[in-house]
Amino acid sequence: MNRKMSDKERKLNIDAAFHVTGRTKYLDDLPEWQGTLFAKVFYAPKAHGEITKLDYTKAAQSDGVFRILSYKDIPGENQIGGIIPDEPLLAETELHFIGQPILLILADSELQAEKAKSLVEIEIKEKEVIVDPKEAFEKGELLHASRTFTLGDTNAAFEDCAHVFSGEVASGGQEHLYLETQGAYAFPQNRGSIVVHSSTQGPTAVQRTCARILGVSMNQVEVDVNRIGGGFGGKEDQASPWAAMVALAAFVTGRPVKYILSRHEDLQMTGKRHPYKSEYKIGFDEDLKIKAYEATFYQNGGAAADLSPAVMERTLFHATNSYSVPNVSVTAHGCKTNLPPNTAFRGFGGPQGMFVIESALHNAARKLGLPFHQLQERNLLIEGMEFSYGQIVAEAKAVDCWDQAKRQYDLSRWEREVETFNAKNKYQKKGLSLMPVCFGISFTNTPMNQARALVHVYSDGSVGVSTGAVEMGQGVNTKMVQVAAHAFGIDSQRIKLENTNTTRVANTSPSAASATADLNGKALQDACNQIKDRFTAFIKRALQLKAEDLVGFKEEQVFINNKKVDWPWEDLVNKAFLARENLSAKGHYATPKIHFDKSKEKGHPFAYHVYGTAITEVTVDCLRGIYHFDAVRLVHDFGSSMNPGVDLGQIEGGLVQGMGWMTLEDLVYNEKGELKSGTLATYKIPDANYAPDVIDVQFLETDGHDLAILKSKAVGEPPLMYGIGAYFALTNAVLAFNPNANLTYEAPMTTEKLLMALYS
Ligand code: LUZ
Ligand code: MOS
């Protein structure tokens, strides 16, 4: 805990009051400019084929339609691929997924654009559709080269194993379902430049994509983000196409152009979490220590690479989750299918990798006839172990979290209660599971781990802060205010967080990888410190202090040699201004010590790891297959949390989102590549009623980590993976009802699948 902060500063989310009173402004709340055109996309109705006829003359004559744009109207490059250039903004002749944008219809109103859409005539010569990643792999349909991480020698190790198990695992996709759908609003400027307001996690990604499409340099595109209504990874790269479309339309027509996707369009056209199919082999010695682990991951990438190569990489990084495994060989294939390109989603491939080793351990424990958590516990990660990617485990927090969870929540008593309940009830069974998590913090692509911030101290003592961080509900604005208030020793009321804008802070990494507060916060500290250094020099001159005298800033006052002098902040700022001191600074931060060599697949990619253990209890109605989560109690390694209120929000939201992925959320595409769960009636996400009755979060007592902002560790993604515990709580309840059940390790465990498992 940062002891210098008042309780008020520690707890208050600066956006909360505006959120709950409906006053927060989102993209769609921008006042509409006169002459604004409204865009709609006409997209591919078939998953794979060649366009043989495309006639939009009737659509173009439809009421209110101003113009219809195709790829031919793109002055720059028809390309939006961020990692691999394999995705056109607007389809040319080949169609690769249902929902692939073909035409951009511009009309005086949304309704008119929508009506014109139905008048477009298209004929398609259909081709074979692939929706399954393993089928794609077998047919040689890969998005890029496969990768393997190895440690030790698994072949030799398996020879010596007392027990070897193998199996298959599958996990489903997941719809981001950010409350605010994708969208953008573009305004043409003088001399051909453009301003784009975008609902994006990555303003620079939007800027780069717009510039590429328009064929202009990046300085001609200004991207502005006030705040967004959720992202969860879905707006890391996939906010860019809509922004590029309105930028293109504004560029071509000279008018403001707005496009905000309807929920239906968003569900149809955007990529989601990658479904995976996987195979594993795991070997143990006599003491039930894991000796060797092999896995092959078939990632369902969809029709273009998008962020899939990076997501796939994180699957490999987290393939052994929180366990010590001396011999590892894990391979991942990025499989090309005829689905919308799948993309970043909280956890970024990590959860998919972790679910496989948890399944392997669960299956092994069952075959060995011992409790799942005993096998997990015996293999927890310890200090000094090497990850398959070469980084050495520096903090032994896996065992600490596990032990504290067992102790604080009295696991043995809890287990006895569950056993007693199960003995007494024939058709209701409880299941308990433990889920340890170890998640690496940093973009796995080292160059992305940099950030900048711009600070202005105004002559009245107020402060304006710009960073590259995008507020998406995660509370980063509040954390940035805390960082600046702490640095200057002033009240947080003096600080204003500006919109995230590419002209104030350039070359930003997306707000992603749980690293936003660390990267931008450290850049912000750098900027504040520069101004403080100037103030210090100014004070020393003004008061004729000695070089070794210590100048400090606390409680809105100047301190000299730790003694308060009566010089309030406002007066200091004003005097410094009159003395013509520079009251603005640009800060920069690049995470130290990290590196990774892809040719060897070895290095030190993460600044640090975040640990935790969650215990989940569920009650299953074994007649109907329905269930309710009674409690999730967890111990989490926050480091030294700078804002427990904000951090708890991240834990609760991440946990429940992960539980949804593992249980409720059944993303279904049929063999034609049609989304069968394309409405909120057919795709169910967790709500307050679904959430566990009790979510109890204990803070692991630690000093925090120097590479975390104010020693407060990153908290965005790690809790999602506690949700994996929900799956195993359910399987354990199934086994309490039917010890011979046939478990298939195919998430999500929907009520239908649960019922089948109970009676299998
Ligand atoms: N995005 C990214 C991420 O580009 N690289 C990453 O390593 C990452 N990790 C988590 C979430 N988003
Ligand atoms: Mo993310 S999956 O941190 O955009």
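Quick one, what does Rg over Rh come out to for region 302-381 if you take C-alpha atoms and the Kirkwood Rh?
For region 302-381, the value is 1.07.
Quick one: 3J(HN,Hα) in Hz for region 140-145, Karplus 6.51/-1.76/1.60 with θ = phi - 60°, rounded, Gly and Pro as x.
x, 8, 10, 7, 5, 5
Can you give the charge dipole size of region 233-284 about its Cα centre, rounded to the nearest 20 debye, using +1 on the beta carbon of Lys and Arg and -1 on the beta carbon of Asp and Glu?
In total the dipole reaches around 100 debye.
Picking from 547, 82, 465, whose Cα lies most toward the positive end of the charge dipole for the chain (charges on Cβ: Lys, Arg +1; Asp, Glu -1)?
Working it through, the farthest residue towards the positive pole turns out to be 547.
So, in region 157-296, how many Lys pairs have Cα atoms under 24 Å apart, if the pair is 8 or more places apart or on different chains?
6
Taking 27 Å as the cut-off for C-alpha to C-alpha distance, list the pairs among 72/117; 496/575; 532/711; 479/600; 58/684 that go past it.
479/600; 58/684
Express in nm, to one decimal, how much length is gained between residue 168 and residue 396 on full extension, taking 0.36 nm for each residue of separation and deducting their alpha carbon distance.
Additional length available on full extension: 79.0 nm.
Under unit Cβ charges (Lys, Arg +1; Asp, Glu -1), what dipole magnitude, rounded to 20 debye, does region 450-590 have relative to its Cα centre?
It works out to roughly 300 debye.
Among 307, 707, what is the fewest-to-most ranking by other Cβ atoms within 10 Å?
Final ranking by Cβ density, sparse to dense: 707, 307.
Just grab the label-to-label distance for residue 30 and residue 153, each label 7 Å out from Cα along the Cβ direction, in nm (one decimal).
The answer from the label model is 6.1 nm.
How much length is gained on full extension from residue 191 to residue 529, taking 0.36 nm per residue of separation minus their Cα-Cα distance?
Once the chain is fully extended between residue 191 and residue 529, it gains 117.9 nm.
Put a dot 7 Å past each Cα toward the Cβ at residue 586 and residue 73; how far apart are the dots in nm?
About 3.6 nm separates the two model spin labels.
Taking the dipole about the Cα centre of region 542-670, with the C-beta of Lys and Arg at +1 and of Asp and Glu at -1, give me whichever of 659, 596, 619 is farthest to the positive side.
596
Could you run the Karplus curve 6.51 cos²θ - 1.76 cosθ + 1.60 with θ = phi - 60° over region 55-70 and give me ³J(HN,Hα) per residue in whole Hz, x for Gly and Pro?
Once rounded to whole Hz, the list reads 10, 10, 5, 5, 4, 5, 8, 5, 3, x, 6, 8, 6, 10, 9, 10.
Expected output is a single nm value to one decimal: the length gained when fully extending between residue 421 and residue 218, i.e. 0.36 nm times separation in residues minus the C-alpha distance. What is it?
Extending this stretch completely gives an extra 66.7 nm.
Any idea how far apart residue 759 and residue 498 come out in nm if each label point goes 7 Å out from Cα toward Cβ?
Rounded to a tenth, the inter-label distance reads 6.5 nm.
Tell me which residues come under 5 Å, amide H to amide H, from residue 470 once H is placed; ignore anything under 5 positions away on its chain.
Long-range HN contacts for residue 470: 511.
Kindly provide the pair-distance distribution of region 454-512 built from C-alpha pairs, with 10 Å bins from 0 and whole-percent values in order of increasing distance.
23, 54, 22, 1
Of 242, 260, 284, whose Cα points farthest to the positive end of the dipole of region 213-310 (charges on the beta-carbon: +1 Lys, Arg; -1 Asp, Glu; origin at the Cα centre)?
Result: 260, furthest along the dipole toward the positive end.
Under a point-charge model restricted to the Cβ atoms of Lys and Arg (+1) and Asp and Glu (-1), what is the dipole moment magnitude of the chain relative to its Cα centre, in debye to the nearest 20?
1300 debye
Can you run phi through the Karplus equation (6.51, -1.76, 1.60; θ = phi - 60°) for region 228-235 and list ³J(HN,Hα) in whole Hz, with x for Gly and Pro?
Residue by residue, region 228-235 yields 10, x, x, x, 6, x, x, 10 Hz.
Would you work out if region 44-103 is rounded, prolate or oblate? Take a ≥ b ≥ c from the square roots of the eigenvalues of the alpha-carbon gyration tensor; rounded if a/c is under 1.5, else prolate when a/b is larger than b/c, oblate otherwise.
Oblate shape, in that a/c is at least 1.5 and b/c is the bigger or equal ratio.
Only helical DSSP H runs with n ≥ 4 go in: add -39500 (n - 2.57) per run for the chain, normalise by residue count and round the 222 nm mean residue ellipticity to 500 deg cm²/dmol.
-9000 deg cm²/dmol
Size of region 639-729 along its principal axes in angstrom, Cα-based, largest extent first?
In descending order, the Cα extents are 53, 29, 23 Å.
Rounded if a/c is under 1.5, else prolate if a/b is larger than b/c, else oblate: which is the chain, with a ≥ b ≥ c the root eigenvalues of its Cα gyration tensor?
oblate
Divide the volume of the convex hull of the Cα atoms of region 450-590 by its number of residues and quote the answer in cubic angstrom per residue.
107 Å³
Only the coordinates and a few stated rules stand behind these numbers; no lab work does. Fair warning: this is a prediction, and the values are worked out from it, not measured in the lab. All Cβ positions, glycine included, derive from the backbone under ideal geometry; neighbour counts span all protein chains shown.
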